[in-house]
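Below is one structure; the comments refer to it alone.
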Amino acid sequence: DTGVSQDPRHKITKRGQNVTFRCDPISEHNRLYWYRQTLGQGPEFLTYFQNEAQLEKSRLLSDRFSAERPKGSFSTLEIQRTEQGDSAMYLCASSLARSGALPYNEQFFGPGTRLTVL
Amino acid sequence: GQQVMQIPQYQHVQEGEDFTTYCNSSTTLSNIQWYKQRPGGHPVFLIQLVKSGEVKKQKRLTFQFGEAKKNSSLHITATQTTDVGTYFCAATSGTYKYIFGTGTRLKVLA
């Protein structure tokens, strides 16, 4: 499968614990997005990367959330001191931005990581 | 901050009826994308609109971008049971940060 993959698919944790999720984008894609989705809502933007550079981060995100994309390939999203309100589906998406072409490109979503904080 | 409103929230139609969902923004949009999410699945890209007044068709689906680039619509002609899911618009305004609408959940009754 050459699509976007995410690991783990499900995570159950206790309040106060730290969790880390991984996203492997489609190999040649240079943009990578993280979203959070709760039941009945649309995906909520968290952050995005162009190669290894984190270009924008949602102001809604507290300092407990951090994301990295160290080599411009896979990315990790860490949530420290989890709270029950962090329970959601965390989606990763990747896209390919080509220089000289249209700057907006379709996003390919992974299956998501469902986080449950007890 | 930028918000994208989407209506209606739910739509139940009889198979064969038409369906339309609308996306509205108070700010001028750079581009708008439409996604479909099946129950238990992840969003899947349908189309992208960039130009003012743009209209694109995909078989029974027609997508429009408003002249002022502040609204968009998705119209499905003669719905089928395979059209069931939630349809989201996602828009940018000057950056590559996408704001998703709240979605329209479509149920098609056979």
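Computed from backbone phi, the HN-Hα couplings of segment A:69-74 come to 8, x, 10, x, 10, 6 Hz, rounded to whole numbers (Karplus: 6.51 cos²θ - 1.76 cosθ + 1.60, θ = phi - 60°; Gly and Pro given as x).
Its Cα gyration tensor gives the protein assembly as shown an equivalent ellipsoid, and the semi-axes of that ellipsoid, as √(5λ) in whole Å with the largest first, are 29, 21, 16.
Normalised Debye scattering of segment B:42-87 at q = 0.18, 0.22, 0.23, 0.34 Å⁻¹ gives log10 I(q)/I(0) of -0.59, -0.82, -0.87, -1.28, counting only Cα atoms as equal scatterers and leaving out solvent.
Classified by the C-alpha gyration tensor, segment A:1-49 has a prolate form. Its axis ratio a/c, with a ≥ b ≥ c, is 1.5 or above, and a/b is larger than b/c.
So, for chain A, what is the accessible surface per residue at a probe of 1.4 Å, expressed in square angstrom? Could you put the intermediate results ahead of the total?
Numbers: 6170 Å² over 118 residues.
Heavy-atom accessible area per residue stands at 52 Å².
Pair-distance distribution P(r) for segment A:19-87, from all Cα-Cα distances in 10 Å bins starting at 0: 20, 53, 25, 2 percent. Once a ≥ b ≥ c are taken as the square roots of the eigenvalues of the Cα gyration tensor of segment B:1-56, is the result rounded (a/c under 1.5), prolate (a/b larger than b/c) or oblate (a/b not larger than b/c)? Prolate is the answer for segment B:1-56, as a/c is 1.5 or above and a/b outweighs b/c. Derived scalar couplings between HN and Hα for segment B:20-32 equal 9, 10, 10, 10, 10, 10, 7, 10, 5, 9, 7, 7, 9 Hz in order, rounded to whole Hz, by the Karplus curve 6.51 cos²θ - 1.76 cosθ + 1.60 (θ = phi - 60°), x for Gly and Pro. With a 10 Å cut-off around each Cβ of A:34-44, the average count of Cβ atoms from other chains is 5.
Probe radius 1.4 Å, ligands and nucleic acids ignored: give me the carbon and sulfur share of the accessible area of the protein assembly as shown as a rounded percent. Using a 1.4 Å probe with all protein chains present, the protein assembly as shown comes out at 48 percent carbon and sulfur. DSSP beta bridges fully contained in chain B are about 90 percent antiparallel.
Accessible surface computed residue by residue for chain B, with neighbouring protein chains in place and a 1.4 Å probe, gives 48 Å² per residue. In whole angstrom, chain A maps to an equivalent ellipsoid with semi-axes of 25, 14, 13, each derived as √(5λ) from the alpha carbon gyration tensor and ordered largest first. As a length-normalised measure over Cα pairs under 8 Å and 6 or more apart, the relative contact order of chain A settles at 36 percent. In segment B:38-63, burial by the other protein chains removes 10 Å² or more of accessible area from B:His42, B:Pro43, B:Phe45, B:Gln48, B:Val50, compared with the chain on its own (1.4 Å probe, ligands and nucleic acids ignored).
Each principal axis of the Cα atoms in chain B has its own extent, and those three values, largest first, are 42, 27, 20 angstrom.
The values are calculated or read from the model by the stated rules, or taken from the named source; none is laboratory data. Not measured: the values here are computed from a predicted model. Don't worry about glycine lacking a Cβ; one is built from the backbone with ideal geometry, like all the others, and counts go over all protein chains shown. Just the protein is used for accessible areas: all its heavy atoms, side chains included, with ligands, DNA and RNA removed. Shrake-Rupley method; radii C 1.70, N 1.55, O 1.52, S 1.80 Å.
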